[in-house]
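Single-structure report; data block below.
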Amino acid sequence: MMNDFDVVVIGGGPAGMAAALAANEQGARTLIVERDVRLGGILNQCIHQGFGLHYFGTEMTGPEYAERFRKRVAQQNIEVMLESMVLALDEDKTVTLLSPQRGLMKIKAGAVVLAMGCRERTAGAIALAGTRPAGIYTAGMAQKICNIDGYLVGKEVVILGSGDIGLIMARRMTTEGAKVKLVLELMPYSSGLKRNIVQCLDDYDIPIMYSHTVTRVEGSPRLTGLYYAPVGKDRKPVLAEEKYIPCDTLLLSVGLIPENDLLSGMDIRMSPVTGGATVDQNRMTTVGGVFSCGNVLHVHDLVDNVSREAETAGKNAALWALGSHNEQPECVNVTASDGVRYALPQRISAKEGKIRLFFRVGNVYKNGRLSVVSGGKEIAFRNFRVLAPGEMGSIDVDAAAIEGDVNVRLQL
Amino acid sequence: MRYDCIIIGGGIIGTAVLDRLTAYRLNVLLLEAQDDVASFATRANSGIVHAGYDCEPGTLKAKYNVRGNSVLWKDAEELDVPNLKCGSLVVAREDGLKGLEELQRKGNISGVKTEILDAAATRRIEPNVASDIAYSLYAPSAGIVSPYQLAIGYADRAILNGGEVRLNSSVTAIEEIDNGYRVTAGGEMFEARAVVNCAGNNGAPVNDLVGAEHYDSVYRRGDYFVLDNTERKNVHTVIFPLPTAAGKGILVAPTADGNVIYGPTAVDTVNGDTASTADSLDALRQNVPLSFDKPAFNKCIRVYSGLRTLIGHDFVIGESKLCKNFFMAIGICSPGLTSAPAIADDLSQEIAKKLGAERKKDIVTVLPRRKTLERLLEDGKQLNELVKEDPAWGRIVCRCEKVTEAEIIAAIHSPLPATTVDAVKRRTRAGMGRCQGGFCGPRVMEIISRELGIPLEQVKKGLGAEIARYRVKEVE
Ligand SMILES: Cc1cc2nc3c(=O)[nH]c(=O)nc-3n(C[C@H](O)[C@H](O)[C@H](O)COP(=O)(O)OP(=O)(O)OC[C@H]3O[C@@H](n4cnc5c(N)ncnc54)[C@H](O)[C@@H]3O)c2cc1C
Ligand SMILES: Cc1cc2nc3c(=O)[nH]c(=O)nc-3n(C[C@H](O)[C@H](O)[C@H](O)COP(=O)(O)OP(=O)(O)OC[C@H]3O[C@@H](n4cnc5c(N)ncnc54)[C@H](O)[C@@H]3O)c2cc1C
């Protein structure tokens, strides 16, 4: 059967656009399928500064960053289907989509790039006790309602979780006239970027309490207040120290989950740590010709990394689709231990060249050595002053030095 | 306006009674306090169609449970309500065989077929029971149904058969008048020859409004976890522990919509309380693994709570001895969902007889099978014809549950119109998925506003909740 496209990219956020551009550059007939009415993904609602410093060398807002890529896509011979939701992906790389203009369509691809981004954990997912009132939003939802629809969701706000979106929204709600009374974080450290703690909380005198959580919410039909308490070593709240705070809004910034539901029917090896597929250095999954990049692969804090990762995936998807004899290459495994939660790619097939390993740590670590070991030898290291879970790190290794499985670890 | 009969309360009992009464030549009105039917106990329960072995033989509960189980499946099919006769297991460890035999004995008296299974046979039905489960009581006639969709289905069919439903109409006064009653609800007055009290948790207070028998109610809350539909593959049947004095215990069950629930707890409380507590949720975390081997609390997408209303040890059903033509179906705790169709059959017959009404000749029995994307995906050609006619069939609004704009529009214009985000959710599943309406909630509000021609600010989430919106830069 003839392929309708060489490369089909699912999702038209920054990852999808960069992947499509890279695939197109290799001469692949490329399609982007996006369920929203415009390209840009989550960037469209991130109207704050802080994007593109690494990729473009200048700081801009999310929509500006997205616009640069949208322009490039428009200039190339890349087909874009908007308002088109992918409903299914088969192992033979047939993409099934539904759209109001086209109806139900099946498209056969030579290679597929997954770029569906992530979604937020909700109040349900953290099993919040109490009533189930209006006034509880995920931070990203509140951000969309604020920045795209032009409404504020409330006036007296408590934020649970210190992920970046929560921090950004603390500032945004404050500058729009709401009172952000408190940020509560379960862990002893923030899961967000340091710069966001400083610029979004400290600069506005918004207090953050670490090792604290919401114990129950009150009010019906609208939220009127909530109880919170410190947590013990087991992360369980110490109810004897429960306190009450009145508020009409609770924003949740308690984690992001890669949107991989499309893969549920496929025999693809997933990572329980990242929630994404496991990939090799080309960002190819265990299903040959299916690639993954951006937040659907692992949650990124900087869009610049997303764009670069997506270029790798897009380029290699094109090479796969245009190539004549494709096989899953022999790989060594990359594992993480001793404080490193995960390292990505999880597999390496390359025999030479520089490979950049991305990783996240599971706690705040100070003054140690990040070490990459293969075949009993340390093949790369870096001394560090601080590593925090909120910031994705990277380290380069020389593929030629790899002898057997690779392990990324900390030495303190 | 004068009616033959007024029903107070639009839970499963009130809607089933309405459905049955509209089969007679009677003018019937249902008054519901909330902005949709199925807004209280009927929307927050386990959704189990019980077999009936555990009810005390000879009680109304036993009688109506067993009969209800035989009628309900047909109703669900006629009304196009999701259901599955998946059977149930009461699981027990080595020391629990006696308890199972006692249940079986009760079941035999009530006419319920059950079977005691050993460890291996139990696992052929449910491979994922806890490892130390040695026996189980299998009841093949048990199953699951969508409780709120069943109530909505009854209401829809009743409206097509000439019944009337008034929402946002809380009954605040009932007065005996010549040859009937005058009922005040939502600031309006309605008269009827007969009244049926199906007010659920307010059953006893509504009795007091008119001076019928006074009852004291006991309220018992049950909290649940709802799991992502990815867990459905791990649960094949309804799994109960051995029942205790507090109730049927914490179960693990599939839902008719394709999720899984763990619950309910049993916490004594006051009328109206549906706020879950941390202790009670912890009790679920501790108890579920005792009967089920694959607990997945990390796949929770929501918690919810339902309130049981108990009057003594049995249902209260029939005409008041103090007030002529004032009927009651109250204290309907578990197995009230299962019993509803049988209760409604008896009660409607009794009322029709009292009012001297005959059956209508032609009534609607089968509702048209709803078009859903899920069904249409099996026939891509029909779907594409629909999309060509109406692009709303190609526009997915709820991404998690894959609900199209066309399905939402259909729900808004159904016989009993859905006018709130929650009402749309109960009819279409939009917002019931893992993102819990985060994305589609605002879109559904826009569609309701457009379709019903009401300002966006007036569209409610449900239960009167405003979705607060302040214009950016307008917050005072
Ligand atoms: C609030 C917030 C603040 C941030 N701040 C910064 C910052 O200051 N600086 C910075 O560098 N980075 C920041 N980031 C991170 C960065 O923006 C993200 O990592 C990046 O946008 C992820 O890109 P993506 O393309 O992987 O995902 P997304 O942008 O989420 O795009 C995914 C796209 O896929 C589409 N899609 C999903 N499923 C389907 C389907 N089945 N069919 C069709 N289409 C589908 C979606 O509609 C979406 O358009 C921030 C992120 C957030 C959320
Ligand atoms: C936790 C739990 C689990 C259960 N599990 C099961 C099960 O698995 N299987 C089963 O068979 N049964 C089960 N049940 C029992 C079943 O849910 C109930 O028996 C049934 O829903 C009761 O229906 P109802 O119509 O009497 O009450 P409701 O559904 O509560 O309806 C009463 C209605 O009356 C309205 N109302 C109240 N006061 C007024 C007023 N003054 N004016 C107008 N309207 C008024 C309310 O708004 C409400 O809509 C369970 C119950 C609970 C709580």
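Mean sequence separation of contacting Cα pairs (under 8 Å, at least six apart), scaled by the length of chain B, corresponds to a relative contact order of 20 percent.
Share of antiparallel DSSP beta bridges in segment A:122-254, in percent to the nearest 5?
40
Expressed to the nearest 5 percent, the antiparallel share of DSSP beta bridges inside chain A is 60 percent. Shown here for segment B:17-54: trypsin sites (Lys or Arg not before Pro) in loop regions (DSSP other than H, G, I, E, B) with at most 15 other Cβ atoms within 10 Å, namely B:ARG25. Projecting the Cα positions of A:ALA401, B:ALA119, B:VAL260 onto the charge dipole of the protein assembly as shown (unit charges on Cβ atoms of Lys, Arg, Asp and Glu, taken about the Cα centre) puts A:ALA401 furthest along the positive direction. In a DSSP loop and with at most 11 other Cβ atoms within 10 Å, the GluC sites (Glu not before Pro) in segment A:284-350 are A:GLU327, A:GLU330.
Using helices alone, what [θ] at 222 nm do you get for the protein assembly as shown, with -39,500 (n - 2.57) per DSSP H run of 4 or more residues, divided over all residues and rounded to the nearest 500?
Working: 18 runs with 213 residues, N = 888.
Result for the protein assembly as shown, helices only: -7500 deg cm²/dmol.
Sequence-distant contacts, meaning Cα pairs under 8 Å at least 6 residues apart, place the relative contact order of segment B:37-138 at 31 percent.
Take every DSSP beta bridge whose two residues both sit in chain B; close to 75 percent of them are antiparallel. Inter-label distance, A:ILE47 to A:LEU412: 4.3 nm, where each label sits 7 Å from its Cα along the C-beta direction.
Which of the GluC sites (Glu not before Pro) across segment A:231-305 are loop residues per DSSP, with 16 or fewer other Cβ within 10 Å?
Numbers: sites: A:GLU241, A:GLU242, A:GLU259; in loops: A:GLU242, A:GLU259.
Listed in order of number, the matching sites are A:GLU242.
Between 0 and 90 degrees, the angle of helix A:164-175 with respect to the longest Cα principal axis of chain A falls at about 50 degrees. Across the options A:LEU357, A:ALA313, A:LEU410, the greatest Cα extent toward the positive end of the charge dipole of segment A:291-410 (unit charges at beta carbon of Lys, Arg, Asp, Glu) belongs to A:LEU410. Which value, to two decimals, describes the C-alpha radius of gyration of the protein assembly as shown once divided by 2.2 N^0.38 Å? Its radius of gyration relative to the 2.2 N^0.38 Å reference: 1.01.
The residue list B:PRO289, A:GLY288, B:LEU209 was ranked by how far each Cα lies along the charge dipole of the protein assembly as shown toward its positive end, using unit charges on Cβ atoms, and A:GLY288 comes out on top. Distance from the Cα centre of segment A:146-215 to that of segment B:14-63, in angstrom? If you average the Cα positions of each part, the centres end up 46 Å apart. A simple spin-label model places pseudo-atoms 7 Å from Cα toward Cβ; at A:ASP205 and B:GLU213 they are separated by 6.5 nm.
For segment A:122-254, the relative contact order works out to 33 percent when only alpha carbon pairs closer than 8 Å and six or more residues apart are counted.
Rule-based calculations on the coordinates, nothing more; no lab input. The shown structure was predicted, so the numbers you read here are calculated from the model rather than taken from an experiment. Every residue, glycine among them, receives a Cβ derived from its backbone with ideal geometry; neighbour counts consider all protein chains shown.
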